[in-house]
Amino acid sequence: MGRDGDAARPELTVRARGLAARFGPRVALEGFDLDLAPGDIVGLLGPNGAGKTTALRLLTTGRRPSAGELLLFGTSARRHAGTLRRIGIAGDEPVHFEALTGWENAFGFALASGLRRLDAARRVESLFETFGLADDAHRPVSDYSLGMRRKLLLAEALAPIPQLIVLDEPTGGLDQAARATLVEVLRHRAGAGAAVVLATHDLQSAAVLCDRVLFLRAGRTVSQGAPADLIAALGHATRFEFSLTAERPPAIDLRDVVVDLVTATRLVAHSAAGSAVLPTLCEAILRSGAVITSVLVRRPDLADVYLKATGEELAA
């Protein structure tokens, strides 16, 4: 929850309280709360099966919640054209008309959103230039790479200038330059008053882009807050990741070193004392009988926040 109080507030783009989704006996999402105001950018993070995509489907009225309350634009959520035209949606699996060109696909979606032909053409043209699709605009989508299809999907979602932008794994298939472009575009849209919510495995982009992140695990929110605040709250400056060969997990008991995860093949630890403890830590691991095959030293990031909250690693 990013706002104080539970009273319905018309200025909120999204107000979700206690949303749940069940598929038979399986609980996909439980007790999901979210306040999203104009200008907010919120990221949903977590492993596969954590409930991220389910949450997005509920927020876009693609699925009715099993329990809870959802308000969109200040009114009870309903799946109708008026609501959908205010939402720009880019799912995790691009679906296009393969025989049509990229331009024809995007232009058709823009018209379907209610734009006039001239406005639709101008916005599609602008977004194709922004995402580097202009030279391929009149090629059939069947010739497009995964990255080009992702860019096309983003252009289709953003062309109507929606008030709510909902993106599922938006950086999948994008190169570093395209990711930077997407961050810039979403910041611009948020600055103009759009609310943005995205589900992603891209922790680096989430840390740079999002005002808030929510970590989901097994359908429940386990941690949330501003990325910088969550990382600072860990209270340590350096993370150590060791790949090992050992008969059993090494037992490490060192001052200034906290072991977060240890198995016979992997050890993850952190220290507020910085990299100065690395030689002592390596010596302790070797004394335990383990062989060190690789070591990575880095600053903590959002993956460490998830590890602290759950005791499990989250792949970046």
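Quick note: the coordinates plus some simple rules give every number you see, no bench work behind them. Values in this document were obtained by computation on a predicted structure and should not be read as measured data. Every residue, glycine among them, receives a Cβ derived from its backbone with ideal geometry; neighbour counts consider all protein chains shown.
Below is a table of values for the structure above.
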{"quantity": "Furthest towards positive pole of dipole, Phe128, Ser113, Pro140, structure part the range 1-146, Cβ charges", "calculated": "Ser113"}
{"quantity": "Sequence of Arg63, Arg299, Arg123 once ranked by neighbouring C-beta atoms within 10 Å, starting from the fewest", "calculated": "Arg299, Arg63, Arg123"}
{"quantity": "The chain: most fluctuating residue of Gly82, Gly31, Gly68 per GNM, C-alpha cutoff 10 Å", "calculated": "Gly82"}
{"quantity": "DSSP-assigned coil residues among GluC sites (Glu not before Pro) in the range 180-256, each with at most 12 further Cβ atoms within 10 Å", "calculated": "Glu247"}
{"quantity": "Relative counts (whole %) of C-alpha pair distances in the range 92-223, using bins that are 10 Å wide", "calculated": "12, 43, 33, 11, 1"}
{"quantity": "Surface/4 estimate of mean projected area, convex hull on alpha-carbon atoms of the range 158-247, nm²", "calculated": "9.1 nm²"}
{"quantity": "Values of log10 I(q)/I(0), in the order q = 0.14, 0.23 Å⁻¹, for the range 235-299 under a Debye, Cα-only, solvent-free model", "calculated": "-0.32, -0.90"}
{"quantity": "Dipole magnitude (debye, nearest 20) for the chain, charges at Cβ of Lys, Arg, Asp, Glu", "calculated": "880 debye"}
{"quantity": "Counting DSSP beta bridges with both ends in the range 14-231, the antiparallel % (nearest 5)", "calculated": "55 percent"}
{"quantity": "Residue order, fewest to most beta carbons within 10 Å, for Arg287, Arg15", "calculated": "Arg287, Arg15"}
{"quantity": "Nonlocal amide H pairs with Arg22, under 5 Å, H built at 1.01 Å", "calculated": "Ala28, Ser66"}
{"quantity": "Long-range amide H partners of Arg217 with built H, under 5 Å", "calculated": "Val222"}
{"quantity": "Backbone HN-Hα couplings from phi across the range 109-115 [Karplus 6.51/-1.76/1.60, Hz, Gly and Pro as x]", "calculated": "5, 5, 5, 5, 6, x, 6"}
{"quantity": "The range 160-316 - charge dipole about Cα centre, Lys and Arg +1 at Cβ, Asp and Glu -1, debye rounded to 20", "calculated": "160 debye"}
{"quantity": "Interchain or long-range residues, amide H under 5 Å from Leu44's placed H", "calculated": "Leu198, Ala199, Thr200, Leu214"}
{"quantity": "Residue-wise HN-Hα coupling along the range 282-296, computed from phi with Karplus coefficients 6.51, -1.76, 1.60 (Hz; x: Gly, Pro)", "calculated": "4, 4, 5, 5, 5, 5, 6, x, 7, 10, 8, 9, 6, 9, 10"}
{"quantity": "The range 137-211 - percent relative contact order, Cα under 8 Å, separation 6 or more", "calculated": "34 percent"}
{"quantity": "The range 244-252 - phi-based ³J(HN,Hα) in whole Hz, Karplus 6.51/-1.76/1.60, Gly and Pro as x", "calculated": "10, 10, 7, 6, 8, x, x, 9, 10"}
{"quantity": "Of (1) 26.7; (2) 20.6; (3) 21.4, the label for Kirkwood radius over Cα pairs in Å derived from the coordinates", "calculated": "(3)"}
{"quantity": "Estimated 222 nm signal from helices in the chain, with DSSP H stretches of n ≥ 4 weighted -39500 (n - 2.57), rounded to 500", "calculated": "-9000 deg cm²/dmol"}
